[in-house]
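Engineer: Following this message is one structure expressed as structure tokens.
The values are calculated or read from the model by the stated rules, or taken from the named source; none is laboratory data. This one's a predicted model, so the numbers in the text were calculated from it and none came from an experiment. Ideal geometry is used to build each Cβ from the backbone, glycine not excepted, and the neighbour counts take in all protein chains shown.
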Amino acid sequence: MDNMETEFGSEFPENSMCGECAMRDNFVSLFRRKASYKPEREWTLPDLMTAARECRFCSLVLKVVSIDYTVKDLNPESTVCSMTVEDFGFTHSGPYDPNTVKRVSRLRFDLMDKDLDSSHIDYIQPSYSEYSHRIQLLAPNTLERSRDLMLLGRPIGQAQMDKTLILDWLSRCEADHHNCRPGCWADEPDLTLRLIDVKRRCVVKAPPNCRYMALSYVWGGVEQLQLESGTFARLTKDGGISNGSQDIPKSIMDAVALVEMLGEEYLWVDALCIMQDDLGDKQQQIGKMDVIYSCAMLTIVSAAGPDANAGLPGALPGSRSVTQFTDSFNGVNMITALCPFSSALNLSTWETRGWTLQEKILSKRLLIFTRHQIFYHCNGATWFEDTILENNDSTIDVVLEEDPDEIRCRKPSLELSAFKRYLKLVNGYFSRNLKYEGDALNAFAGLLKSLSAELGDTHIWGLPKSVFDKAMLWQTINHFPDRRNLGFPSWSWAGWKGGDFAALAQRDAMPPKYDIKPVIKWYRPDDHGGHIIIKSFDSGSREKHSDNAWKLSEDAEMGELQYNKALMPPVSHLLRFWTSSANLRVGPIYPSPRGDDWYANSGKCKLYLVTTLKGTFIGAIHLNKEWMDNRADTLEFIVISRAVFEPGSGYEDAFNVMLIEWQNGVAYRVQLPYFGPFKEETWIEANPQWKLITLG
């Protein structure tokens, strides 16, 4: 890129332009319009390289697309560069009115291998690149924060962050964001809190009411010093955590230096503040993760690499190398945009780890270090190093426009109900990775505790007892039988190892809307042959429906569980209940609405039709084809709750059902239907039977 800078652009007069650029009367209007889905302009690679020798804008475009690719290695005959307008955000005052919003867009550039003789196009650059390939408007060099400057770009420190910007973010948040105020760890009498004293460079017992920062990072495969009985004396001695310590990872040492640089005294790091070889201390600390992270004044996040040596790029002098290009063209000042918040997180290993989700959600404020820029993310705002998003005018709202895949990187809104926050958290957690399968609930325990004020303290294998019927409706889009986590029940999301996930949050967001009404009395067997009811609802308040058509008496005897330890899962995994069971025909593969065989050819999982034995359509279900090929076409479904639709929706009440499979007298969850509940009328046609289920 050094040669590119000397060869193109910077030595041209400001208005030096190619013929096509000269035809644009109002260049800045490109950055003020709504997104376009077809290219505003396309260059062949030879045309772009030629234009870049005489046109400032085309020179800037070539720099953008060349930042992570050597254009000379691409096929000049078929490589095309396209420019599209991409929504970035807008500002508005008062109630949202599309006529008064002030929009700011970015220009996005993609390199494509385009067969000029056909419509086939291959994107050369990956959909997620650590480089942005975008140009944004450059703000004037001023400390002012007027509405006109919101969402405009700014240069950042190439080798190190601007400490005053970080302190400004913290100061704004402390002054304006009431939902970001940390809790008080001193209110937890049974918490033994250890911290790193960054001045003395050692581990200390937390002084009363002190404030501290926390570190969230990826351990990876790095061998690192940990607080244990054998290292306690060293780590609690002044200088025990010194800059010359080769056995302490870079992320931790950078965080120690950063905390001191920001004028604070204490830092919490799991590896050095939890006694790793003391099971009692470890369990106590894991049980207090909600307190530790929610009481931290700031959580520092190392999201720049795959392990604990990734460090904090930009925190220390010379710790990063950032490339930003700026230019002025036809009176418009522009700067290349760095990888934005959501893309940077999607690219990070940190965002894929199971333990780091609760660290992100429980923390009130996050300072996230990625390879190219730093982000501040809290309950009240998200700020970028390379873009002006800090707002001095309380009457102006600044809105970033992002798609659902990007929004999932953010904290769930506190305005959502506790149950919807729970669903979003399970959704985000389920797709993450855990090194140890047995940590499936430990790494989520802090999040469950954070919801306990609204959902209650008791959860059963990750499903809150107070909303048990609703929580049973978690659902994976696909079906992966080989991803069972046998240490947990099949009916809990913890009993499965990740994958594409669609919880009730997504289903509930689509019409028609419906509520969940309990129809099952769930029991848990105990170790003494008895049963404990799960009181997830007030049975006296339930609405009465045409129950007699599909069920027998609710008071049928449970009977003693004939437990066989050698053949059955642990008793704690089991649920027992009476419900309606029906055998339904599954298959053939669901016909695509596009009129082709798309469903039949899409991946290992197929969408199968579900009908009664008489052939009446009742729904569809995603199942693994290899699994289905080894099963009969008649499978067993059971009712787990009732779906009650909104009045006037045109839909009749229906049943939420579960596909099960039996083994050694125990039923196991297989999958839930794809299109939601089954109509009650059709279910009754299937001649259901009242049956005692032991679900493991």
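Conditions tested, residue by residue: (1) surrounded by fewer than 21 Cβ atoms within 10 Å (Cβ to Cβ); (2) over 23 Å from Lys606 (Cβ atoms); (3) not assigned by TED's automatic domain parsing to the domain that holds Ser572.
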position	(1), (2), (3)
Thr634	yes, no, no
Leu672	no, no, no
Phe678	no, no, no
Glu681	yes, yes, no
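Engineer: What do you reckon, is Gly428 touching a Cys at 6+ places or on another chain (Cβ under 9 Å) and either crowded, with 18+ Cβ neighbours inside 10 Å or not assigned by TED's automatic domain parsing to the domain that holds Ser105 (or both)?
Structural biologist: Numbers: touching a Cys at 6+ places or on another chain (Cβ under 9 Å): yes; either crowded, with 18+ Cβ neighbours inside 10 Å or not assigned by TED's automatic domain parsing to the domain that holds Ser105 (or both): yes.
It is true that Gly428 is touching a Cys at 6+ places or on another chain (Cβ under 9 Å) and either crowded, with 18+ Cβ neighbours inside 10 Å or not assigned by TED's automatic domain parsing to the domain that holds Ser105 (or both).
Engineer: Quick check on my filter: what residues within region 441-473 are in a loop (DSSP other than H, G, I, E, B), in contact (Cβ under 8 Å) with a residue 60 or more places away in the chain and touching a helix residue (DSSP H, G or I) at 6+ places or on another chain (Cβ under 9 Å)?
Structural biologist: Across region 441-473, the qualifying residues are Trp461, Leu473.
Engineer: Also: Inspect region 265-287 for any residue being of a type in the set (D, E, K, R), within 30 Å of Leu60 (Cα to Cα) and surrounded by 20 or more Cβ atoms within 10 Å (Cβ to Cβ) and give the result as yes or no.
Structural biologist: no
Engineer: For region 623-646, enumerate the residues that are touching a strand residue (DSSP E or B) at 6+ places or on another chain (Cβ under 6 Å) and more than 26 Å from Arg576 (Cα to Cα).
Structural biologist: Of everything in region 623-646, those that are touching a strand residue (DSSP E or B) at 6+ places or on another chain (Cβ under 6 Å) and more than 26 Å from Arg576 (Cα to Cα) turn out to be Asn624, Lys625, Asp633, Phe645.
Engineer: Give me the residue from region 443-466 that is within 30 Å of Cys605 (Cα to Cα) and surrounded by fewer than 21 Cβ atoms within 10 Å (Cβ to Cβ) and, out of that set, farthest from the chain's Cα centre (by Cα).
Structural biologist: Only one residue fits best here, namely Ile460.
Engineer: Hey, does region 159-177 have a residue that's among the β-branched types (Val, Ile, Thr), in a loop (DSSP other than H, G, I, E, B) and either touching a residue at least 24 places away in the same chain (Cβ under 8 Å) or not assigned by TED's automatic domain parsing to the domain that holds Ala381 (or both)?
Structural biologist: The answer is no; no qualifying residue exists.
Engineer: On the given criteria, is Trp690 in the same structural domain as Pro489 (by TED's automatic domain parsing), surrounded by fewer than 16 Cβ atoms within 10 Å (Cβ to Cβ) and part of a strand (DSSP E or B)?
Structural biologist: Judged against the criteria, Trp690 is a match.
Engineer: Name the residue, out of Glu54, Glu86, that is modelled with pLDDT of 85 or more, over 29 Å from the mean Cα position of the chain (by Cα) and surrounded by fewer than 21 Cβ atoms within 10 Å (Cβ to Cβ). Write out each step before concluding.
Structural biologist: Details: Glu86 fails: over 29 Å from the mean Cα position of the chain (by Cα).
From the options Glu54, Glu86, the qualifying one is Glu54.
Engineer: How many residues does region 149-176 hold that are over 22 Å from Leu338 (Cβ atoms) and either among the aliphatic types (A, V, I, L, M) or at pLDDT below 95 (or both)?
Structural biologist: The qualifying residues number 2.
Engineer: Given the structure, is Ala304 in the same structural domain as Asp168 (by TED's automatic domain parsing), touching a Pro at 6+ places or on another chain (Cβ under 8 Å) and buried (at least 22 other Cβ atoms within 10 Å of the Cβ)?
Structural biologist: yes
Engineer: Considering each of Gly530, Gly498 in turn, give the residue that is at pLDDT 55 or above, at positive phi and either surrounded by 18 or more Cβ atoms within 10 Å (Cβ to Cβ) or not assigned by TED's automatic domain parsing to the domain that holds Leu357 (or both).
Structural biologist: Step by step, each of Gly530, Gly498 is checked, and only Gly498 is at pLDDT 55 or above, at positive phi and either surrounded by 18 or more Cβ atoms within 10 Å (Cβ to Cβ) or not assigned by TED's automatic domain parsing to the domain that holds Leu357 (or both).
Engineer: Turning to a different aspect of this structure: Given the conditions (1) surrounded by fewer than 16 Cβ atoms within 10 Å (Cβ to Cβ); (2) without any contact (Cβ under 8 Å) to a residue 60 or more places away in the chain, report the number of the one that Glu437 does not fulfil.
Structural biologist: The number of the failed condition is (2).
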